[in-house]
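What follows is one structure encoded as structure tokens, with my remarks underneath.
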Amino acid sequence: MAQTPLLSMTGIEKRFAGIPALSGASLEILPGEVHALIGQNGAGKSTMIKVLTGYHRRDAGTVSFAGQPFEVGSPHEAQSSGISTIYQEINLVPLRSVTENICLGREQRRFGLLDWGAMHAEAERLLATFGIGIDVRRPLMDFNTATQQMVAIARAIGFSARLVIMDEPTSSLDEGEVAVLFKVIRQLKADGVSVIFVSHKLDELYEVCDRVTIMRDGKTVRVAEMDKIAKLELVSAMLGRDVSRADGHATAFDDAQRPKGETVLRARNLKAGHAVRDVSFQVARGEIVGFAGLLGAGRTETARLVFGVDRTTGGSMELNGRPYDPQRPKDAILAGLGFVTEDRKLEGIVPELSVAENMTLSLLPQISRNGVVSEGRQRELVEGFIEQLGIKCSGPNQKIRELSGGNQQKVLLARWLATNPRLLILDEPTRGIDVGAKGEIQRLVRKLADEGLAVLMISSELEEVVEGADRVFVLREGRTVAELEGEAISEDRVLDAMAHGLSTRTEQAS
């Protein structure tokens with residue numbers, strides 16, 4: 001006889017400004033089950049959780065919990081009803097004691113006063129169930145991330161949670177700490193508590209989860225038992241690719257092998273925290289190098305190291321054959337690098353400024369004198385790029401927020417091209433723009449590479465990487481696991497590397 005689900009979400013719809021974030025999505029969790037919820041950026045995972053926990057109100061669909069219709073208006077109500085969420089960024093109070101964090105919102109009192117003795121004992125009892133013995137009177141900030149995670153879990157259990165949602169719980173833990181966390185998860189399961197485990201690390205899913213729900217484009221596309229779905233199938237479902245139909249076509253632009261120029265950037269064994277563990281790659285003049293990998297593979301984090309946004313903790317880089325170690329983005333810009341970031345709206349455009357002002361932000365020192373911008377030089381430069389890149393706008397003074405996504409992206413490209421870079425980093429260059437504009441951007445990038453620019457392109461769209469790159473480096477959990485070049489670049493090989501990891505040896509067509 002089939003188990004009655006603890007949680008059932010069916011036909012969930014959610015729109016933001018008319019744009020669907022969830023389209024008939026579903027999620028079912030059984031009692032005492034560890035259930036993986038996975039998908040790429042924009043798949044709908046976070047929105048689904050926020051609908052469940054009352055952060056967002058659904059537009060359509062039904063939710064039942066413990067056999068009853070479920071409707072809450074806030075995360076606090078959800079917690080009081082038995083659903084606790086532990087976020088990737090631990091949302092506790094670091095300056096307060098461990099006890100205060102565990103008992104926050106359900107303090108025990110005696111004769112109208114806080115009963116510290118009882119609360120300390122409660123905190124110690126909850127942590128002891130996970131084999132954690134610490135001084136609960138000390139501030140939370142005195143302990144490492146793994147212990148803070150355990151405190152967050154203890155707090156959830158203290159609310160008599162029947163369902164615990166863990167959002168990327170291992171992202172900042174080392175291997176030993178992950179082992180402790182998994183022991184705790186198995187203990188929760190043994191106690192009848194269900195867990196929704198949101199993670200991008202495939203090996204972890206297979207180690208600790210019973211079933212998996214895969215989301216893509218706001219829809220639930222597959223539900224399976226972990227021991228009955230292969231890694232390659234799982235990755236293919238996330239990306240929407242049919243491995244059986246993946247061909248070996250190298251590039252949609254042309255099949256000719258392009259001669260590469262001298263190496264512009266070479267990175268060896270880069271390391272930075274938990275996100276970048278061992279990444280090596282190189283980019284030559286006139287070459288488009290693609291970074292492929294699932295969410296959390298370390299692609300953007302590596303690009304940030306190259307551009308000096310973050311600092312490396314290991315490895316080395318060379319730029320044009322000389323040691324390269326940028327301390328800040330200004331160093332990278334002066335060295336001839338440009339970086340079109342992943343989040344155009346948050347980190348790229350300044351919406352209230354004009355097209356001209358956005359385009360020349362990186363050039364202000366060159367087009368200014370005594371702190372005053374030369375309007376003539378600015379206008380000449382901007383009008384030249386508007387014509388060259390085909391930017392559709394009413395003129396240089398139009399506010400950039402009024403432009404389409406594709407034209408905003410062209411302005412950001414122009415911003416960096418105006419600096420005459422040696423290497424241009426493009427992080428998700430066609431995200432959020434229509435099909436026509438996407439093709440224009442892709443053709444423009446190819447033209448720039450053919451003219452000698454070195455391009456490092458990061459894209460979550462497998463087709464864009466396979467068709468647009470001359471060389472592809474596949475990253476998996478912070479490591480370079482495959483290098484494919486020329487006719488060796490194909491969807492099935494990239495997918496296989498994402499799922500299983502290959503050697504870092506170059507696979508070239510014979």
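Key figures
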{"read-out": "Residue match in segment 377-390 (condition: outside any helix (DSSP H, G or I), of a type in the set (S, T, N, Q) and at pLDDT below 85)", "value": "no"}
{"read-out": "Ser160, sole failed condition from (1) in contact with a strand residue (DSSP E or B) (Cβ under 9 Å, 6 or more places away or on another chain); (2) closer than 17 Å to Pro75 by Cβ; (3) not β-branched (Val, Ile, Thr)", "value": "(1)"}
{"read-out": "All strands (runs of 3 or more DSSP E) inside segment 1-94 with 3 or more residues being of a type in the set (Gly, Ala, Ser) and free of Cβ contacts under 8 Å to residues at least 60 places away in the same chain", "value": "60-65"}
{"read-out": "Single residue of segment 258-284 satisfying the filter (modelled with pLDDT of 95 or more and of a type in the set (Lys, Arg)) that is nearest to Lys447 (Cα to Cα)", "value": "Arg266"}
{"read-out": "Selection count where residues are at pLDDT below 90 and either over 25 Å from the mean Cα position of the chain (by Cα) or of a type in the set (D, E, K, R) (or both), scope segment 452-472", "value": "4"}
{"read-out": "Those residues of segment 458-474 which are over 13 Å from Ala284 (Cα atoms) and out of contact with any Phe, Trp or Tyr (no Cβ under 6 Å at 6 or more places or on another chain), in sequence order", "value": "Ser459, Ser460, Glu461, Leu462, Glu463, Glu464, Val465, Val466, Glu467, Gly468, Val474"}
{"read-out": "Restricting segment 312-328 to residues that are of a type outside the set (S, T, N, Q) and either touching a Ser or Thr at 6+ places or on another chain (Cβ under 9 Å) or closer than 28 Å to Gly42 by Cα (or both), the residue that is surrounded by the fewest Cβ atoms within 10 Å (Cβ to Cβ)", "value": "Pro323"}
{"read-out": "Output for segment 51-74, where each listed residue is crowded, with 18+ Cβ neighbours inside 10 Å and either more than 24 Å from Asp217 (Cβ to Cβ) or out of contact with any strand residue (DSSP E or B) (no Cβ under 7 Å at 6 or more places or on another chain) (or both)", "value": "Gly54, Phe65, Phe70, Val72"}
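The values are calculated or read from the model by the stated rules, or taken from the named source; none is laboratory data. Remember, it's a predicted structure, so these values are computed and weren't measured experimentally. Positions of Cβ are generated from backbone atoms using ideal geometry, with glycine treated the same way; all protein chains shown enter the neighbour counts.
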